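This structure is in structure tokens; I'll ask about it shortly.
Read-outs: derived from the displayed coordinates by stated rules, not from any lab. No experiment lies behind these values; they were computed from the predicted model shown. Neighbour counts run over all protein chains shown; Cβ positions are idealised from the backbone, glycine included.
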Amino acid sequence: MKPEELVSRVQRALVANGFAEAIAAPIARSITACERDGTLSHGLLRLPGFVDAVRTGWADGKAMPVEVSRSPSMLVLDAMNGFTHYALENARGSIMAKASRTGSAILLIRNAHHFAALWPDIEGFAREGFIAFSCVTSRARLTAWSGGGPVFGTNASAFACPRAQGDPVVWDQATSIMSQGDLLLAAKDGRAIPLDVGVDANGEPTDDPNAILAGGALHPFGSRKGASIAFMVEVLAAGLSGGVFGYESPAQGTMPSKGGQFVMIIDPRRAGADVGTRVEGLVDAVHAAGSPDLPGSRRYRRRAQAFTDGILVSDETMAMLDRLAGA
């Protein structure tokens, strides 16, 4: 299936289930981008969660973001219990203009649901020559420093920078050993997970992803270091934005978490730095040290293949799309 056809099908499914067209569009593009680039944990697997969130009234699929405050280098938005995707898309031009004038700009979104990969949010900034960083909070699923119960969200963060030649370098990672998306994928496929990934509701190590999803907790990557990064994300994306912390977000199964998003972009041109060329030198050093790939390399290869051969969508998933679209 061609990527643009899949975007259209996903958007129709969202609109048929209570999303406004304008709000459904960036969500459909994000889901399709993940499916196209092989990030299956955040692709079509997430569509039923978006739909259920609006069907149940947990999220508002027609809410338009409201500006809370602005300054020369900051914009704060309340998503009104809607989704970050539309708020970010509407603010994209404004924060790039701010960064071009002042050197950097920050976007804060609160009272919002994300439930998607972060790299589609920021790759475009790097293609425009900016350095970008973003992070989001989610409901408590992560143990803290030596703790046994969930207190932080899996709290993904992502970074993107331009290159003088080639695609931007973009990484996107959760603060847990295994992301919630990969946990959901393992549960869907009926696969066991390594015992060090997390604990069940009784605090006991488990290889059952469903036991972690049903009241258990994931462990942070790098032990205490991952917990420290998760804490930072709570402060930036929730404390600073006015959103809810992970432990404050009500449990709603595997539906989107209510939280906040932090986006910072930097215009290296204001620093007089040729970052793209300098990054090329750094990339050359990485390759010379024996690393053939960079963050995002596999996504770009899969993307090129998808534009040539189309996106492979199973019959089961096609049936799910048709069902959600009311076909």
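Kindly flag which residue pairs out of Lys62/Lys258; Lys62/Lys225; Lys2/Lys258 have an alpha-carbon separation exceeding 27 Å in this structure. The partial results should precede the final answer.
Numbers: Lys62/Lys258 16 Å; Lys62/Lys225 39 Å; Lys2/Lys258 32 Å.
Table pairs above 27 Å Cα-Cα are Lys62/Lys225; Lys2/Lys258.
For region 183-327, divide the Cα radius of gyration by the Kirkwood radius and give the resulting Rg/Rh value with two decimals. Can you show the working numbers first?
Working: Rg = 20.8 Å, Rh = 20.0 Å.
Taking Rg over the Kirkwood Rh, I get 1.04.
When the dipole is taken about the Cα centre of region 177-219, and only Lys, Arg (+1) and Asp, Glu (-1) are charged at their Cβ, what size is it in debye, to the nearest 20? Before the final figure, lay out each step's value.
On the way: 2 positive and 7 negative charges, 30 e Å.
Charge dipole, region 177-219, about its Cα centre: 140 debye, nearest 20.
About the Cα centre of region 1-133, what is the dipole size in debye to 20, counting +1 per Lys and Arg Cβ and -1 per Asp and Glu Cβ, all else neutral? Mind showing how you got there, number by number?
On the way: 14 positive and 13 negative charges, 24 e Å.
Once rounded to the nearest 20, the dipole reads 120 debye.
Using the Cα centre of region 75-169 as origin and beta-carbon charges of +1 (Lys, Arg) and -1 (Asp, Glu), tell me which of Cys161, Ala126, Ala140 is placed farthest towards the positive end of the dipole.
Ala140
Taking every alpha carbon pair in region 1-132, what does the distance histogram look like in 5 angstrom bins from 0, in percent?
2, 11, 20, 21, 19, 14, 9, 4, 0
Just want to confirm a number: the relative contact order over the chain, from Cα pairs under 8 angstrom separated by 6+ residues, in percent. Please report the intermediate quantities before stating the final value.
Values: 721 pairs, mean separation 73.6, N = 327.
About 23 percent, as a whole number.
Give the Rg (one decimal place) followed by the Dmax (whole number) of region 251-327, computed from C-alpha coordinates and expressed in Å.
20.7, 55
Relative contact order of region 184-327: what whole-number percent is it, with Cα pairs under 8 angstrom and at least 6 residues apart?
Numbers: 104 pairs, mean separation 14.8, N = 144.
The normalised contact order for region 184-327 reaches 10 percent.
So what is Rg over Rh here for region 69-221, counting just Cα atoms and using Kirkwood for Rh?
1.05
Could you quote the convex hull projected area for region 49-117, Cα atoms only and averaged over all directions, in nm²?
Details: hull surface 18.5 nm².
That works out to 4.6 nm².
Please report the base-10 log of the normalised intensity I(q)/I(0) for the chain, using a Debye sum with one equal scatterer per alpha carbon and no solvent, at each q in 0.12, 0.13 (1/Å).
Taken in order of the listed q values, log10 I(q)/I(0) reads -0.85, -1.01.
Which value results when the Cα radius of gyration for region 159-238 is divided by 2.2 N^0.38 Å? Each step should come with its number before you reach the end.
Details: Rg = 15.4 Å, N = 80, 2.2 N^0.38 = 11.6 Å.
Output field value: 1.32.
Over region 177-219, with a single point scatterer placed on each C-alpha, what log10 of the ratio I(q)/I(0) does the Debye formula yield at q = 0.21, 0.34 1/Å?
-0.51, -1.33
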